[in-house]
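Structure, as structure tokens:
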Amino acid sequence: MGKHNFILVLIHVMVFMVPVIFAGLFSSSGNEIDDKDAAMDAFINPYDPDSYVAQFADEDQGSTRRDLHTTCEATNAIDKCWRCKSDWAENRQALAECALGFGKGTTGGKGGDIYVVTDPSDCDCENPKEGTLRFGVTRDRPLWITFDKDMVITLKHELVINSDKTIDGRGASVEIANGGGVSVYQVNNVIIHGIHIHHIKVMDGGRIRSSETKVIPRSKSDGDALAIFGSTKVWIDHVTLDHGEDGLLDVTMKSTAITISNCDFNHHDKVMLLGADDSHTEDKNMLATVAFNRFGEGCVQRLPRCRHGFFQVVNNDYNKWQFYAIGGSSDPTILSQHNRFLAPDEKSKKQVTRRNNAAEEEWKNWKWKSENDIFLNGAYFVPSGGDIQPTPEQSAGLIPPCTTPVETLTRYAGKLTCLPGQPC
């Protein structure tokens, strides 16, 4: 061996052996083999340019390694019931215990089988294909409906959901878009969670399956993104809604026991209607909760618009509506608590409230109350009717207002991005 080659070999031996020797001398862990391997890695890694750069990048961030796991923060009372648990995908139906407000006790498909949507098509509304969303929602038994992949579902006609169903979009990016909307029609016990409904159109009518044994003739739809009609125990949570032809979310015709929570509403005129019209006095018994929602960019009015019933609007974030925020007619009771109202810049649009179809002599007796709301940029609420004294049934469904800043409570409103095995 030449002198030059001998020196190169000696250098390589020293590079690899010196850290091992020093690790053995100064180790106090009692596990010499592991410590020697670690010391070896410490000297080898600098010769890997990528490792070397990564090491210094970490040191620039306070000498702490980057957390490879998704951070999770549950900010309001509903989310704290289920979020930030890494095993959520194995325990999906635990969500059924989390509804609050007047929809509390809505369990959807709890106790039923998991039905997985594998096919985004919607070709036959009378005899839907197994594997499609329409097939699942029309079964005559409780089902917890999930999705095996990201998908955009364009509905040929409105989607009519049967009782005891949960649509659970967690774990996939699920959109219902560019076609018919979703209808909860004369049923009971439905949860819709974790999907995006947008660009819903007016669709022709036809024969549409609503259960395994029933096909109903439906007239032309009006373009509502999500319509709840004559139904009870319905919970809409973490749904993103925007760009519909009519309403984004309508609750009408004797529907009650409704909670709308953690939703994100954007880019729409008539956003949320609670009560069909002034002549439908059956809505006097409506109880609805609107909580932890974000009314964001491009929302014009009806945030919500209420008729006849009793409504708690609590801990919502309002960002520059274009006409008004909370409105109503036909003597609704509206309890507005701990909301954040950021008014638009236009001077004539700063009033939060709007009464319709009544002179002041009449509406001054309607019970509309603001409690601890925050008013920004000149926003103001016109109360009426004096104190609200809820019945025992109404009191039982009220969500205690949270004093945490509304921006924090609604930070994760809308469809979440959830990966199985990581906190959601």
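The values are calculated or read from the model by the stated rules, or taken from the named source; none is laboratory data. Just so it is clear, the model here is predicted, and its values are computed rather than measured. With ideal geometry, Cβ positions are generated from the backbone for all residues, glycine too; neighbour counts draw on all protein chains shown.
Regarding ALA77, is this residue closer than 28 Å to ALA291 by Cα, modelled with pLDDT of 95 or more, small (Gly, Ala, Ser) and outside any loop (DSSP other than H, G, I, E, B)? Taking the combined requirement at face value, the residue does not satisfy it.
Got at least one residue in the range 138-155 being over 17 Å from the mean Cα position of the chain (by Cα) and under 24 Å from LEU287 (Cα atoms)? No, the range 138-155 has no match at all. PHE229 satisfies every condition listed in (1) surrounded by fewer than 24 Cβ atoms within 10 Å (Cβ to Cβ); (2) touching a Lys or Arg at 6+ places or on another chain (Cβ under 6 Å); (3) more than 23 Å from PRO420 (Cβ to Cβ); (4) not charged (D, E, K, R) except (2). When GLY385, GLY414, GLY327, GLY378 are checked against the criterion of being in contact with a helix residue (DSSP H, G or I) (Cβ under 8 Å, 6 or more places away or on another chain), more than 22 Å from ALA257 (Cβ to Cβ) and small (Gly, Ala, Ser), a single residue qualifies: GLY378. Filtered by the rule that a residue be assigned to a loop (DSSP other than H, G, I, E, B), surrounded by fewer than 16 Cβ atoms within 10 Å (Cβ to Cβ) and among the charged types (D, E, K, R), the range 189-221 gives ASP204, GLU212, LYS214, LYS220. Could you go through the range 167-174 and let me know if any residue there is more than 20 Å from GLU212 (Cα to Cα), surrounded by fewer than 23 Cβ atoms within 10 Å (Cβ to Cβ) and in contact with a helix residue (DSSP H, G or I) (Cβ under 9 Å, 6 or more places away or on another chain). There is at least one residue in the range 167-174 that is more than 20 Å from GLU212 (Cα to Cα), surrounded by fewer than 23 Cβ atoms within 10 Å (Cβ to Cβ) and in contact with a helix residue (DSSP H, G or I) (Cβ under 9 Å, 6 or more places away or on another chain). Quick check on my filter: what residues within the range 250-261 are surrounded by 24 or more Cβ atoms within 10 Å (Cβ to Cβ) and under 15 Å from PHE102 (Cα atoms)? Listed by number, the residues that qualify are VAL251, SER255, ALA257, ILE258, THR259, ILE260, SER261.
Report, by residue number, each residue of the range 94-117 that is of a type outside the set (A, V, I, L, M, F, W, C) and either surrounded by 18 or more Cβ atoms within 10 Å (Cβ to Cβ) or assigned to a loop (DSSP other than H, G, I, E, B) (or both). Correct list: GLY101, GLY103, LYS104, GLY105, THR106, THR107, GLY108, GLY109, LYS110, GLY111, GLY112, TYR115. The test for being without any contact (Cβ under 8 Å) to a residue 60 or more places away in the chain, over 22 Å from LYS415 (Cβ atoms) and not in a strand (DSSP E or B) holds for SER279. Across the range 169-188, the number of residues qualifying as in a loop (DSSP other than H, G, I, E, B) and aliphatic (A, V, I, L, M) comes to 2.
A search for C-beta distances below 7 Å between a residue of the range 366-384 that is in contact (Cβ under 8 Å) with a residue 24 or more places away in the chain and any residue that is among the acidic types (Asp, Glu) and surrounded by 13 or more Cβ atoms within 10 Å (Cβ to Cβ), counting only pairs 6+ apart in sequence or on different chains, returns TRP366/ASP331; PHE381/ASP373. Return the residues of the range 118-137 that are closer than 12 Å to ILE208 by Cα, loosely packed, with under 15 Cβ neighbours inside 10 Å and either touching a His at 6+ places or on another chain (Cβ under 8 Å) or of a type in the set (Asp, Glu) (or both); say none if nothing qualifies. ASP124, GLU126 - these are the residues of the range 118-137 that are closer than 12 Å to ILE208 by Cα, loosely packed, with under 15 Cβ neighbours inside 10 Å and either touching a His at 6+ places or on another chain (Cβ under 8 Å) or of a type in the set (Asp, Glu) (or both).
VAL160 meets each of the listed conditions (1) at pLDDT 95 or above; (2) surrounded by fewer than 18 Cβ atoms within 10 Å (Cβ to Cβ); (3) within 24 Å of ASN127 (Cβ to Cβ) apart from (2). So if I check each of GLY247, GLY275, GLY309, which one is closer than 17 Å to HIS199 by Cβ and buried (at least 23 other Cβ atoms within 10 Å of the Cβ)? Among GLY247, GLY275, GLY309, only GLY247 is closer than 17 Å to HIS199 by Cβ and buried (at least 23 other Cβ atoms within 10 Å of the Cβ). The set of residues in the range 118-165 that are in a strand (DSSP E or B) and charged (D, E, K, R) contains only LYS165.
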